[in-house]
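Working notes for the structure below.
The values are calculated or read from the model by the stated rules, or taken from the named source; none is laboratory data. Note that this is a predicted model, so its numbers are computed, not measured. Counting neighbours? That spans all protein chains shown, and the Cβs are built from the backbone with ideal geometry, glycine included. Heavy atoms of the whole protein, side chains included, go into the accessibility calculation; ligands, DNA and RNA do not. Shrake-Rupley method; radii C 1.70, N 1.55, O 1.52, S 1.80 Å.
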Amino acid sequence: FMGTFHGICVRLLRQDGEHAGIPKNFVIFDEGDRLNAIKQACKSMMIDEKSYPPRTIGSIISNAKNEMITPSEYTGVASGPTQKTAAQIYPSYERILKEAGALDFDDLINKSVKLLVSNSEIRKKWQQQFRYIMIDEYQDTNAAQYKLIKLLINSDNNIAVVGDDWQSIYSWRGADFRNILNFEKDYPNATII
């Protein structure tokens with residue numbers, strides 16, 4: 001396998017997603033689909049799109065998903081009017097996705113992590129598939145990607161990453177440069193070059 005986190009997760013979910021209630025023929029919502037679904041949720045809840053732009057709400061929901069925060073959990077941590085509005089919209093948005101048999105880009109990783117956590121047989125299968133894992137730009141991984149990597153690593157700990165915490169450029173998208181700083185702690189037998 002070679003690809004992006006999202007591409008690899010699509011393959012994983014197409015093969016084994018049914019174990020987590022995801023249909024094999026799921027649709028992937030792109031940014032336009034996501035915005036339309038959020039607009040639909042706003043309209044059904046009579047939320048003014050001018051006061052709470054769908055793109056902003058979508059970004060908030062995306063950040064929550066990248067931190068593996070569920071709609072009910074987000075309700076408890078949301079602060080300020082925009083986040084609280086996003087917390088109201090988040091469950092409705094999830095229902096729209098489910099009714100469409102769809103996942104958004106954030107779900108691809110999020111649902112893969114949840115599947116691997118909840119099903120040890122499938123986790124072992126994929127750990128055997130990925131005997132060696134190589135990741136470029138490791139400093140730009142987010143919380144969900146970090147958890148995915150930890151779940152896919154088998155007992156041999158064959159992992160190689162390339163990155164530089166000073167070159168982290170995607171913090172606005174949920175990337176956490178601390179992932180690379182914690183690499184030596186996570187894999188104490190790794191050789192650092």
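Quick rundown of the values:
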item	result
Conditions (1) free of Cβ contacts under 8 Å to residues at least 60 places away in the same chain; (2) open to solvent by 10 Å² or more (accessible area, probe 1.4 Å); (3) part of a helix (DSSP H, G or I); (4) among the charged types (D, E, K, R); number of the one not met by R131	(3)
In segment 2-26, the residues that are part of a loop (DSSP other than H, G, I, E, B), open to solvent by 90 Å² or more (accessible area, probe 1.4 Å) and in contact (Cβ under 8 Å) with a residue 12 or more places away in the chain	N25
Considering residues of segment 60-81 that are surrounded by fewer than 16 Cβ atoms within 10 Å (Cβ to Cβ) and within 27 Å of H6 (Cβ to Cβ) only, the residue farthest from the chain's Cα centre (by Cα)	V77
Per-region count, segment 82-110, residues more than 15 Å from the chain's Cα centre (by Cα) and among the charged types (D, E, K, R)	4
Matching residues, segment 140-154, being in contact with a helix residue (DSSP H, G or I) (Cβ under 6 Å, 6 or more places away or on another chain), more than 14 Å from D186 (Cβ to Cβ) and in a helix (DSSP H, G or I)	A144
Filter pass, L97 being under 22 Å from R14 (Cβ atoms), in contact with a His (Cβ under 8 Å, 6 or more places away or on another chain), part of a helix (DSSP H, G or I) and open to solvent by less than 50 Å² (accessible area, probe 1.4 Å)	no
Test: residue in segment 158-169 that is of a type in the set (F, W, Y) and either touching a helix residue (DSSP H, G or I) at 6+ places or on another chain (Cβ under 7 Å) or modelled with pLDDT of 85 or more (or both)	no
Evaluation of I47 against (1) in a helix (DSSP H, G or I); (2) open to solvent by less than 40 Å² (accessible area, probe 1.4 Å); (3) farther than 24 Å from A143 by Cα (one fails), failing number	(1)
Selection count, segment 27-44, where residues are basic (K, R) and open to solvent by 50 Å² or more (accessible area, probe 1.4 Å)	2
